[in-house]
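The values are calculated or read from the model by the stated rules, or taken from the named source; none is laboratory data. None of these values were measured; they are calculated from a predicted model. Neighbour counts run over all protein chains shown; Cβ positions are idealised from the backbone, glycine included. Surface accessibility is based on the protein's heavy atoms, side chains included, excluding ligands, DNA and RNA. Shrake-Rupley method; radii C 1.70, N 1.55, O 1.52, S 1.80 Å.
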Amino acid sequence: MKNIFAIFLSVCFLPGINPNASAQDYFLRAEGTKIVDGSGNEVLLRGIGLGQYMLIEPYMWGINSPKNNKSDTQQAILKSLAQLTGWDNVNAFLDEYRKNYMTEADVRMLKEAGFNSIRLPMHYNLFIEEDAADNTFREKGFGMIDNLLEWCRKHEVWLILDMHAVPGGQSTDKAISDQYSPGLWDGNASGTAALYQTKLIALWKEIARRYAGEEWIGGYDLINEIMYYPSRNLAPEIRSLYERITAAIRETDTKHILFIEGNGYANDHAGLTPPWDDNIVYSFHRYWSGNRQSDIQYMLNMRNQQQAPVWMGESGENSNTWFTAAVELLETNDVGWAWWAYKKLGNISGIVSVPRPDGWNSLQSFLESSTDNSASLGLNAEKVKTVLMGLAENVKLEKSKINIDVVHALMEQPFNNDTRPYGANELPGRLNAIEYDLGRNGFAYNETGLLSRESTNAGAYNEGWVGRNDAMDGEANTDPESNGFNLGWLASGEWLNYTVNVLKTGKYKVKMKYAVPGTGNMTLKLNNIPVFSFFALPNTGAWNAYRWIEPGEIEMSQGTNVIQVYVYGGFNYSLLDFEYTGATGTLPVGGEEFDFKSIAPNPVTANASFMYSLPEEADCITFHIYNMQGALVERMKINRVLAGQHTFRYVNQGLSPGIYQNQMQVEKAGKVMYEKTLKMIVE
């Protein structure tokens, strides 16, 4: 993991803090429609939310079928675990888990990846007693903030404090608020709305007292995702509570931004304008929405009308293609953002994927069962303790997997079509099928079903929904030679690019490990030139019955090359292998000595001239014309050519309009001495 990410960082542009920002004052504030630092330099926030740190939402642990009062909230999950292993073990696990989830190494990695801010989703019960009438503060949560703030200060990352789960519960969404009713507004069996609101105000007042002078605190996100529409109009109550929290904060803290979320999962700001403080930023969230200008125009209109900044405080849980388009939309409109979420268990859409510990499947089956099936699953107290401590160990950054494709989609893909190698990809050696290049669809890879899979179904963009968060369909397998994944559901017209570093010029034997119940067909290209065209892949008997096949040998020059697998007939594959078999007589391509200079005119109509120069006499020259699917459509050969400048007259006698690759090969004494390819457009 470390080596791959180091390579990724070495080639990435790493956006960060405005280089013109003052070295003395990093306090953020609202100034007109912009967020600026203490010197007045605009700051575009690029942040990450620490989901699953202070508050566990069931789906982040892979609990996708939670059961009422057993696994549908954090409090239910912890109570269920305590019934199996005791509260002492559960609390010891939580302490170790939270200690390992966020360390200085995590902050350093996020800064190096290009993030300049962190949104900390807080559970109120880490900071203040749960009893509605008891406002005694707890130091556990403040200690966690202090440690995180120290690392943020050191690495110059703003920390935004987000009250994610509030006293009593702010929402009918029980997993988010860790409550079963919106007690903040209506009260519940444990307390009145007035008591819960007083508790929330007291907590924010204490937070402000402690952190008023901290310039690397980026601001206070006062209430996360209110989602409650009773028969009465709740808007005046929401505004009143916000105003009272603001007054309490401003008693000691006059500098920090107040981030204001609306009702309706943060997006309904009715009644919350005009701003009641001169340092307010309106926050909105985005899930399963389009990425058109019209999809955020309502917030841009509010920004202009109220002359207050807006901030997209939470989004994610979609494909890399959606991520890139969303960031491009936001930043084009000068809107900062914070993504969701940093670490989740066994996932492809977050920044970091935490491995499931041994025994986790049994624990998950218990939490997703409506009955007590612990005995049949072998879940005694010691077993549960072991599984939980395994999770606490795996949540460490060094034990987890950084989803570098997600980082690339957020930080580098917006605004360009550049591609990057997924890893070192040194040849001779093996390429894992799923480790194709990083980049946009149509540039790093081509998935024909991309557009039809952009929907509200979280996994709809990827049939297997494992391995990568791109639209290419990943699938888990048990092939011991693979890295645990293959590409599947491949359809005609799809392709994958692998940028590789060839260590020495020469011949390489190519092998592919594939599976298909029937027959498959593919073309292998080197630097966009087909080397094995329409190669048949015989029946292996089943989609999971993998075998090796050897298409043949190719010649590669030392340095950077691009291997492409172009699909015609559907198949699965997990590996490509390149074995060095010996030196070749091919000389370096191009340079001053040899040049296939031009095709004129280009675009070609009826006739064209191929112009080239040779440094020495050749036995023959062959022009190969390939279509973009890799099929050879025309071949022309010239025998006995002298050194010097030459022009070959070409008459188009059947090529339909389109884009082609024209490869010129020069042979002498039975060896290919030179070759070069030019793009040819036929009109």
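Can you tell me the 0 to 90 degree angle between the C-alpha axis of helix 297-306 and the longest principal axis of the chain, rounded to 10?
Taking Cα atoms only, the helix is inclined about 50 degrees.
Of the listed pairs Lys513/Lys637; Lys67/Lys111; Lys67/Lys344, which have alpha-carbon separations greater than 31 Å here?
Over 31 Å apart, Cα to Cα: Lys513/Lys637; Lys67/Lys111.
Mind listing the phi-derived Karplus ³J(HN,Hα) values for the stretch 611-619, rounded to whole Hz, using 6.51, -1.76 and 1.60 with θ = phi - 60°, and x for any glycine or proline?
For the stretch 611-619, the Karplus-derived couplings read 10, 8, 10, 10, x, 7, 5, 10, 5 Hz, x marking Gly and Pro.
What aspartates and glutamates sit close enough to Lys511 to cross-link, taking a C-alpha to C-alpha distance under 15 Å and skipping anything fewer than 8 places away on the same chain?
Straight-line reach from Lys511, under 15 Å: Glu481, Glu550, Glu553, Glu555, Asp577, Glu579.
Along the charge dipole of the chain, which of Ser65, Trp489, Tyr220 sits closest to the positive end, that is, farthest toward it, with unit charges on the beta carbon of Lys, Arg, Asp and Glu (+1, +1, -1, -1)?
Trp489
Quick check: residue separation of Ile659 and Asn69 times 0.36 nm, minus the Cα distance between them. What number comes out in nm?
Working it through step by step, the gained length comes to 206.3 nm.
³J(HN,Hα) across the stretch 331-348 via Karplus (A = 6.51, B = -1.76, C = 1.60, θ = phi - 60°), whole Hz, x for Gly/Pro?
Taking θ as phi minus 60°, the curve returns 6, 4, 9, 6, 10, x, 8, 9, 8, 10, 9, 6, 10, 9, 7, x, 10, 10 Hz for the stretch 331-348.
Convert 25 °C to kelvin, take the viscosity as 0.890 mPa s, use the Kirkwood radius over C-alpha pairs of the stretch 269-367 as Rh, and evaluate the Stokes-Einstein diffusion coefficient in µm²/s, rounded to a whole number.
This corresponds to a translational diffusion coefficient of 156 µm²/s.
Which three extents, in angstrom, do the Cα atoms of the chain have along their principal axes, listed largest first?
Its Cα atoms span 97, 62, 45 Å along the three principal axes.
Under a point-charge model restricted to the Cβ atoms of Lys and Arg (+1) and Asp and Glu (-1), what is the dipole moment magnitude of the chain relative to its Cα centre, in debye to the nearest 20?
The calculated dipole for the chain is roughly 1040 debye.
Which of the listed residues, Thr478, Val502, Tyr422, is farthest toward the dipole's positive end in the stretch 410-564, when Lys, Arg count +1 and Asp, Glu count -1 at the beta-carbon?
Val502
Quick check: the angle from helix 235-250's long axis to the longest principal axis of the chain, C-alpha only, nearest 10 degrees?
Value to nearest ten degrees: 80.
Once the stretch 131-192 is represented by equal point scatterers at the alpha-carbon sites, with solvent omitted, what log10 I(q)/I(0) does the Debye formula produce at q = 0.20 Å⁻¹?
So the normalised log intensities are -0.84.
Can you tell me the dipole magnitude for the stretch 318-416 around its Cα centre, using point charges on the Cβ only (Lys, Arg +1; Asp, Glu -1), in Debye to the nearest 20?
Here the stretch 318-416 has a charge dipole of around 400 debye.
Listed highest first by mean packing, meaning other Cβ atoms within 10 Å per residue, what order do 314-321, 103-110 come in?
Final packing ranking: 314-321, 103-110.
Met227: net charge of surrounding residues, Cβ under 11 Å, Lys/Arg +1, Asp/Glu -1, itself excluded?
With Lys, Arg at +1 and Asp, Glu at -1, the neighbours total -3.
Could you please report the charge total around Leu438, scoring K, R as +1 and D, E as -1 over all other residues with beta-carbon less than 11 angstrom from its beta-carbon?
Taking every other residue near Leu438 into account, the sum is -3.
Out of all Cα-Cα pairs in the stretch 364-503, roughly what percent, to the nearest whole number, are more than 22 Å apart?
When every Cα pair of the stretch 364-503 is considered, 54 percent fall beyond 22 Å.
In whole percent, how big is the carbon plus sulfur part of the accessible area of the stretch 226-275, probe 1.4 Å, protein atoms only?
Exposed carbon and sulfur together represent 55 percent of the surface.
On a straight-distance basis, which lysines could pair with Lys255 in a cross-link, Cα separation under 16 angstrom, same-chain partners fewer than 8 positions away excluded?
The reachable lysines, counting only those whose Cα sits under 16 Å from Lys255, are Lys34, Lys205.
Given the pairs Lys79/Lys399; Lys525/Lys668; Lys199/Lys396, which span a C-alpha to C-alpha distance of over 31 angstrom in this model?
Those over the limit are Lys199/Lys396.
Would you please give the residues with an amide H less than 5 Å from that of Val281, counting only those at least 5 places away or on a separate chain, with H modeled from the backbone geometry?
For Val281, the qualifying residues are Leu258, Phe259, Ile260.
Can you find, among Leu345, Ile48, Phe535, the residue sitting farthest towards the positive end of the charge dipole of the chain, where Lys and Arg contribute +1 and Asp and Glu -1 at Cβ?
Phe535
Helix 381-394 against the longest principal axis of the chain: what's the angle in degrees, Cα atoms only, rounded to the nearest 10?
60
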